[in-house]
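The values are calculated or read from the model by the stated rules, or taken from the named source; none is laboratory data. These figures come from a predicted structure and were not determined experimentally. Methodologically, a virtual Cβ is constructed for each residue, glycine included, from the backbone with ideal geometry; neighbour enumeration extends over all protein chains shown.
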Amino acid sequence: MHSQTWKSMAMAALVVQLSISMGVDSSSPHPDKIVRLPGQPHVGFQQFSGYVTVDNNEHRALFYYFVEAEIDPESRPLVLWLNGGPGCSSLGLGAFSENGPFRPEGRVLIRNEHSWNREANMLYLETPVGVGFSYATNSSSFVAVDDEATARDNLLFLQGWFHKFPQYRSTDLFIAGESYAGHYIPQLAKLMIGINKKEKLFNLKGIALGNPVLDFATDLNSRAEYFWSHGLISDSTYKMFTSACNYSRYVSEYYRDSVSSICSIVMNQVNTETSRFVDKYDVTLDVCVSTVFSQSKFISPKQVSERIDVCIEDETVNYLNRKDVRRALHARLIGVRRWEVCSNILDYEFLNIEIPTFNIVGSLVKAGIPVLVYSGDQDSVIPLTGSRTLVHRVAKELGLNTTVPYRVWFAGKQVGGWTQVYGNILSFATIRGASHEAPFSQPERSLMLFKSFLEGKHLPEIF
Ligand SMILES: *[C@@H]1O[C@H](CO)[C@@H](O)[C@H](O)[C@H]1NC(C)=O
Ligand SMILES: *[C@@H]1O[C@H](CO)[C@@H](O)[C@H](O)[C@H]1NC(C)=O
Ligand SMILES: *[C@@H]1O[C@H](CO)[C@@H](O)[C@H](O)[C@H]1NC(C)=O
């Protein structure tokens, strides 16, 4: 498994080059084409997966899984999907648990009726190196990885990916993701806009951010009110959690290894009252839907282990660790023994969480890129209140007026959530009843919101 086949990689690269120069030839299969995933039902769309190297000497490579749109892929947009963490896998979370075409169930894969490839070509990227099947041959590459390096590698990935799939170069490109991708996505988009100023390489048409970390203090400190208003903590604890030690202070101290006694007292009280038996990513759920939903381990430092303690079985982890599955995906384990949902070897600069990105979102809007910020409204990790405040702040700073006043949107006959649009370019929407991983818990509503976003409509149809 660990013997590296650089020669065959070079060969694969050569094959790609040849097929490019000969034009797209459907009779010779793409080297990254997935023939069939083990246990997969018959489908009419194509899937691809493999590696794109992000350095010259092929020592670091990012793994992707690409699912073509179910119908008419040539006329559908391309969506890059990123999960957060930092260090969690878009393959395990995004593709196989949230909005991809299949979900593992025992030995087989079942169809997800609300897969986002009903609307778009979906590209899932495991990033940065050290996450999932993405690898580096020198373990020093996993040390002190930060937002800047991640954005740079993501950009190199996209450039390399377009080499493999030149037919998608001019397709409308959207970037969507969750949680810590509130850092990854704006930072990547900013680099793309910079490049586009010199040469228009990226046809970027919009970004969508789900329960994103956009501002450390605003996002984290909205937790106290969320807990209190949902009845998870007492009045007196709420008071302490907002005045004596707020959550951003606690997390900031935690990552500096200097938790003060007051913060320690407050957090103990908060944890005691909220209890371990409620899922903080969806306060209406009992614990342990799945171990894969731990992508915010850096945002919620102590909660990850709790989740893992009570969750024994996990379909996605089991599936992606099967040898036959790995073979079908053209994936390799290099420097790790198992595929993990969130990397154990990546040593990310935690304190990067304190870097604000809502201002980058503002600059993207200013550059004409439509932005949707959406919130699963049952999430207490990045609650809707913080995100709504931040979107409003961005709109205000840019002088964007409300073009659609705050109101409900519908999914079928039911309220899908609430929304507000500013300047016809910046929108905020909630997804009613959804968790931190909205497409997992409210697949139909999430797909509907996503579809309207791709169509540039801002709002799903009113019933
Ligand atoms: C790994 O990278 C470090 C830092 O760049 C370098 O000093 C070291 O020699 C490298 N190790 C190998 C085996 O290439
Ligand atoms: C959180 O605590 C920090 C440090 O004590 C303080 O500067 C900040 O204003 C507080 N934020 C909120 C929203 O209370
Ligand atoms: C926004 O609203 C204000 C107050 O109604 C108005 O003066 C301003 O022209 C509007 N701006 C735009 C860009 O429409």
Item to complete: Name the single residue, out of those in the stretch 65-106 being of a type in the set (A, V, I, L, M), buried (at least 24 other Cβ atoms within 10 Å of the Cβ) and at pLDDT 95 or above, that is farthest from Arg338 (Cα to Cα).
Response: Leu78
Response to the item:
Those residues of the stretch 366-402 which are surrounded by fewer than 21 Cβ atoms within 10 Å (Cβ to Cβ) and not in a loop (DSSP other than H, G, I, E, B) amount to Lys366, Thr385, Arg388, Thr389, His392, Arg393, Lys396, Glu397, Leu398, Thr402
Worksheet item: For the stretch 57-148, list the strands (runs of 3 or more DSSP E) that sit wholly inside it and hold at least 2 residues that are under 25 Å from Tyr168 (Cβ atoms) and within 16 Å of ligand 1 (Cβ to nearest atom); which are they?
Response: 60-67
Worksheet item: How many residues are without any contact (Cβ under 8 Å) to a residue 24 or more places away in the chain, crowded, with 17+ Cβ neighbours inside 10 Å and either more than 9 Å from ligand 2 (Cβ to nearest atom) or not charged (D, E, K, R) (or both) if we restrict to the stretch 242-252?
Response: 2
Worksheet, complete the sentence: In the stretch 116-151, anything in contact (Cβ under 8 Å) with a residue 60 or more places away in the chain and closer than 18 Å to Ala176 by Cα is listed as Trp116, Asn117, Arg118, Glu119, Ala120, Tyr124, Leu125, Glu126, Thr127, Pro128, Asp147, Thr150
Worksheet entry | the stretch 124-149, subset in contact with a helix residue (DSSP H, G or I) (Cβ under 7 Å, 6 or more places away or on another chain) and more than 15 Å from Ser343 (Cβ to Cβ), residue surrounded by the fewest Cβ atoms within 10 Å (Cβ to Cβ) | Asp147
Worksheet, complete the sentence: Reported set for the stretch 50-64 where residues are of a type in the set (S, T, N, Q) and at pLDDT below 95 is Asn56, Asn57
Response to the item:
Across (1) within 24 Å of Cys88 (Cα to Cα); (2) in contact with a His (Cβ under 6 Å, 6 or more places away or on another chain), Gln378 clears everything bar (2)
Practice prompt. Look at Ile233 and say whether it is closer than 17 Å to Gly84 by Cβ, away from ligand 2 (no atom under 12 Å from the Cβ), crowded, with 21+ Cβ neighbours inside 10 Å and not basic (Lys, Arg).
Written response: no
Worksheet item: If we scan the stretch 377-389, do we find a residue that is aliphatic (A, V, I, L, M), over 17 Å from His230 (Cα atoms) and within 16 Å of ligand 2 (Cβ to nearest atom)?
Response: no
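Residues are listed down the side, and each one gets a yes or a no for (1) touching a residue at least 40 places away in the same chain (Cβ under 8 Å); (2) among the aliphatic types (A, V, I, L, M); (3) touching a Lys or Arg at 6+ places or on another chain (Cβ under 6 Å):
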| residue | (1), (2), (3) |
| --- | --- |
| Lys33 | no, no, no |
| Asn56 | no, no, no |
| Phe66 | yes, no, no |
| Glu70 | yes, no, yes |
| Glu74 | yes, no, no |
| Gly84 | yes, no, no |
Worksheet item: Val371 fails exactly one of the following numbered conditions: (1) farther than 24 Å from His183 by Cβ; (2) in contact with a strand residue (DSSP E or B) (Cβ under 6 Å, 6 or more places away or on another chain). What is the number of that condition?
Response: (1)
Worksheet item: Here is a list of conditions, (1) of a type outside the set (S, T, N, Q); (2) within 30 Å of Trp81 (Cβ to Cβ); (3) out of contact with any helix residue (DSSP H, G or I) (no Cβ under 7 Å at 6 or more places or on another chain), and Asp215 meets all of them except one; can you say which number that is?
Response: (3)
